[in-house]
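Chemist: First the structure, then my questions, so here it is.
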Amino acid sequence: MDESGEYRKLQLQELEEIRNESYENAAIFKERTKAWHDKMLARKTFTIGQKVLLYISRLRLFPGKLRSRWVGPFIVTQVFPHGAVEIRSLSTEKIFKVNGHHLKPYYEGFQKEKVKGIDLVDPIYVD
């Protein structure tokens with residue numbers, strides 16, 4: 001009876017060691033995954049006066065598949081250290097704070113320049 005009690009205690013201790021080891025391995029895995037994820041994130045830095053687009057994430061009943069959810073442009077008026085950004089609308093002049101993760105830089109279109117066209121014609125068939 002005593003031997004079986006000792007054997008049972010050893011089994012319980014072994015089970016506890018396995019549980020602790022798996023807990024430590026899970027913690028190590030989480031740390032590595034978080035480090036890899038953070039390394040892959042592209043940090044966004046905004047400057048005052050920069051034009052940005054705002055992502056609208058509100059759920060709508062009929063969102064329109066092909067319609068863009070980015071609206072703007074807005075102008076950055078203030079950048080806070082904790083990730084919030086204060087922006088001003090160009091059309092309504094309203095100022096409000098948004099999360100910096102909902103913004104992306106706005107790149108204005110390139111100016112179109114006149115390009116000379118060259119017609120490719122086979123010289124044999126030219127009159």
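The values are calculated or read from the model by the stated rules, or taken from the named source; none is laboratory data. This structure is a prediction, so every number in the text was calculated from the model and none was measured. Every residue, glycine as well, gets a Cβ built from its backbone with ideal geometry; the counts of neighbours run over all protein chains shown. Heads up: the accessible areas ignore ligands, DNA and RNA and are worked out on the full protein's heavy atoms, side chains in. Shrake-Rupley method; radii C 1.70, N 1.55, O 1.52, S 1.80 Å.
Residue-by-condition table, conditions (1) in a helix (DSSP H, G or I); (2) out of contact with any Lys or Arg (no Cβ under 7 Å at 6 or more places or on another chain); (3) at positive phi; (4) loosely packed, with under 10 Cβ neighbours inside 10 Å:
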{"residue": "E21", "(1), (2), (3), (4)": "yes, yes, no, no"}
{"residue": "N25", "(1), (2), (3), (4)": "yes, yes, no, no"}
{"residue": "T33", "(1), (2), (3), (4)": "yes, yes, no, no"}
{"residue": "F46", "(1), (2), (3), (4)": "no, yes, no, no"}
{"residue": "S68", "(1), (2), (3), (4)": "no, yes, no, yes"}
{"residue": "P73", "(1), (2), (3), (4)": "no, no, no, no"}
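Chemist: Determine whether region 3-16 contains at least one residue that is of a type in the set (S, T, N, Q), open to solvent by 100 Å² or more (accessible area, probe 1.4 Å) and assigned to a helix (DSSP H, G or I).
Modeler: yes
Chemist: Take K39 and decide whether it is at pLDDT 90 or above and open to solvent by 100 Å² or more (accessible area, probe 1.4 Å).
Modeler: In short, no.
Chemist: Got at least one residue in region 59-79 being touching a residue at least 24 places away in the same chain (Cβ under 8 Å) and touching a His at 6+ places or on another chain (Cβ under 7 Å)?
Modeler: no
Chemist: Within region 75-100, track down each residue that is within 19 Å of the chain's Cα centre (by Cα) and aromatic (F, W, Y).
Modeler: F80, the sole residue that qualifies.
Chemist: Please go through (1) open to solvent by 100 Å² or more (accessible area, probe 1.4 Å); (2) at pLDDT below 95 for F29 and return the number of the only condition it doesn't satisfy.
Modeler: (2)
Chemist: Which of the residues belonging to region 88-107 are among the hydrophobic types (A, V, I, L, M, F, W, C), farther than 15 Å from T45 by Cβ and surrounded by 13 or more Cβ atoms within 10 Å (Cβ to Cβ)?
Modeler: Start the filter on region 88-107 by keeping residues that are among the hydrophobic types (A, V, I, L, M, F, W, C), which leaves 90, 95-96, 98, 103.
The next check asks that each one be farther than 15 Å from T45 by Cβ; those that pass are 90, 95-96, 98.
Across region 88-107, the qualifying residues are I95, V98.
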